[in-house]
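**Student:** One structure is given below, represented as structure tokens, and several questions about it will come after.
Please treat every number below as a calculation from the coordinates, not as lab data. Predicted model, so just to flag it, every value in this text is computed and none were measured. Cβ sites come from the backbone with ideal geometry, for glycine too, and all protein chains shown count toward neighbours.
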Amino acid sequence: SEAGNDETAVWKKYDEGNPRWFSDLKIAHDGGFGEVEALFTMDRFFWASFAIVSLGMNLYFLCGVNIQVLAKEEWVVDTTDKQNHIILNRIIGLFTHKQIVPVVYLAFLELGLLLVLLGRTTILIVAILLAIQRGQPSRLWRATIRLFWGRLPDLMTMSSMRLLNYVTPSIFIPALSQELSRARQHPWLARVMSMSGFLLVRVIYGIIGFEAFMIKFKEASICLNESSLEAYICSLAFLNQMLGIVQINPLLQTRMFRYLFGGEDGMRSDRELRVQHVWCAMLGRKIWQISKTRTGGHMWFVSVMLAYTDVDFQRLTLNERQFHKDQLPSPRIRKKKNNILHHEHD
């Protein structure tokens, strides 16, 4: 086939001599700040609106549904086999014949997690206001980045099963490697404390997330006995929560940060993490500065910040090779995406 012949030709080209695989890749030495204005496209408003709607819907279901459960359901019942799969009920059963209804336990759990997230969000907002008042730009933009790229995305997708994200192998193993790398830079006592805290938190997350999964799985199976429409809605809701356990965008962002700021070993030291945090903070400030020059500056700022993805990170930090006019006469070719095959047009 034509595709096969093209691939064979490319294979032969790079299989001879010393091929220049990455000769056209260039890191933006200005941190990509000179190209930030390219992020200001109209589709940002659509994606930001989608994010805001997701935030509102998630908060509604977390608050409305769980509060309704607490208002209608009986909280404590006599011991039955139906509640025995809950670890907390097994512990309570050692001292009393009463047990907590699983859906009530789940409602308290999710409302508690929501209160923690809202509290941390409030702390960031207060930190932003104090930084503005005291004239501390580094703290202002660091807190702003944590708000838009940390707390708000968490609120958009938060559920009790989301805690399983932290014990998923693709998340846990790189995080463990990073923690071990950072721990080696400190005295042995600090290493033990750091690693113990890291593992303890992950164990707690795993237990709570697994408990939530068992409860929701059981509730979803009960829904299958209802009418066909209700069964489909319930199953789709459960499937959506399962798919949301691992958030792809934060994962990709972390991988991109590790690639650029972690160096050859892929491990970010404390100093490299500080450089990463400062870069993010300065990027947020640059987005704000450009937003102020446009009509509806605040809307532009919120839209660009909420719609920022790993693709934008790559767009900012990589520059296309600067070609001579006689090398690439076609504007179409000059606008091509930068990749390892770019120099074939030489």
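**Student:** Shape call for the stretch 134-231 from the C-alpha gyration tensor, a ≥ b ≥ c root eigenvalues: rounded (a/c under 1.5), prolate (a/b greater than b/c) or oblate?
**Tutor:** Cα axes put the stretch 134-231 in the oblate bin.
**Student:** Now for a separate question. In terms of the Cα gyration tensor, with a ≥ b ≥ c the square roots of its eigenvalues, is the stretch 27-114 rounded because a/c is under 1.5, prolate because a/b exceeds b/c, or oblate?
**Tutor:** Since a/c reaches 1.5 and a/b is larger than b/c, the shape of the stretch 27-114 is classed as prolate.
**Student:** Follow-up. What are the residues whose amide H is under 5 Å from the amide H of LEU318, where those residues sit 5 or more places off or on another chain and H is modelled from the backbone?
**Tutor:** ALA28
**Student:** Let me ask you something else. Expressed as cubic angstrom per residue, what is the convex hull volume of the alpha carbon set of the chain?
**Tutor:** Considering the Cα atoms of the chain, their hull volume per residue is 243 Å³.
**Student:** Mind jotting down a quarter of the surface of the convex hull over the alpha carbons of the stretch 81-156, in square nanometres, one decimal?
**Tutor:** Answer in nm², one decimal: 7.0.
**Student:** What does the charge count near ILE173 come to, summing +1 for each Lys or Arg and -1 for each Asp or Glu among other residues with Cβ under 14 Å from its Cβ? Before the final figure, lay out the partial values.
**Tutor:** Working: positive: ARG202, ARG255, ARG258; negative: GLU179.
So the surrounding residues net to +2.
**Student:** What are the semi-axes of the equivalent ellipsoid for the stretch 187-291, taken as the square roots of 5 times the Cα gyration tensor eigenvalues, largest first, in whole Å?
**Tutor:** Working from the Cα gyration tensor, I get semi-axes of 39, 24, 11 Å.
**Student:** If you don't mind, there's one more thing I want to ask. Express the C-alpha Rg of the stretch 58-194 as a ratio against the empirical globular expectation 2.2 N^0.38 Å, rounded to two decimals.
**Tutor:** 1.42
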